[in-house]
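For reference, the structure discussed in these notes is given below.
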Amino acid sequence: PYATRAAYNLLFNIRGGDIQQITSLSQVKEIIENASNTNQLVVLDFTSNNCPPCEMIAPIYSDLSELEEFESKVIFLKVNVSDHPDVASYYGVDGFPTFQLFRNELLVDSIVGGQAAKAGLYPLVARHAQ
């Protein structure tokens, strides 16, 4: 069911929680810079092709991005490093999935690995979204 849901979200770009798909390094930088002006937290999900832990966490990340408590407080981003290796390189990411959290243009926290993210991503985002 998750694969079907993910495909549906991708095809119809429905409210997969308003997760923005990143297409360039300059786009990420601009979003992080603009978020500091509005005091929003930015969560950047680094995912990769052929990555079972990435596929496992994707629906959880989508659900997290839909929570009302984060509406207008958090910007959720996703970058496929198979397509955009320069973004991963710039942010020093070499394990997937990796989630990096930015506030005021600074990296404030991160979590690496599907199981770690499954257990700890919500509390991490909740703490920094305040």
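The values are calculated or read from the model by the stated rules, or taken from the named source; none is laboratory data. In this text, all values refer to a predicted model and were calculated from it rather than measured experimentally. Neighbour counts are summed over all protein chains in view; Cβ atoms, including those assigned to glycine, are modelled from backbone coordinates with ideal geometry. Heads up: the accessible areas ignore ligands, DNA and RNA and are worked out on the full protein's heavy atoms, side chains in. Shrake-Rupley method; radii C 1.70, N 1.55, O 1.52, S 1.80 Å.
Each of SER24 and GLU68 was given a label point 7 Å from its Cα along the Cα-to-Cβ line. The distance between the two points is 3.8 nm.
Shown for region 17-130: the carbon plus sulfur share of the solvent-accessible area, taken with all protein chains present and a 1.4 angstrom probe, equals 48%.
Computed from point charges on the beta carbon alone (+1 for Lys and Arg, -1 for Asp and Glu), the dipole magnitude for the chain about its Cα centre is near 160 Debye. Probing with 1.4 Å while keeping every protein chain in the model, the per residue accessible area of region 8-130 equals 53 Å².
For GluC sites (Glu not before Pro), the sites in region 57-129 that DSSP calls loop and that have at most 12 other Cβ atoms within 10 Å are GLU71.
Using 0.36 nm times the number of residues separating ASN104 and TYR122, minus their current alpha carbon distance, what extension gain do you get?
Details: separation 18, 0.36 × 18 = 6.48 nm, distance 2.01 nm.
So the chain would gain 4.5 nm between ASN104 and TYR122.
When you restrict to C-alpha pairs under 8 Å that are six or more residues apart and normalise by the size of region 10-130, the relative contact order lands at 35 percent.
Grab the DSSP H runs of the chain that are 4 residues or longer, score each as -39,500 (n - 2.57), total them, divide by all residues and round the 222 nm result to the nearest 500 deg cm²/dmol. List each step's numbers first, then the result.
Values: 5 runs with 60 residues, N = 130.
Mean residue ellipticity at 222 nm (helix-derived): -14500 deg cm²/dmol.
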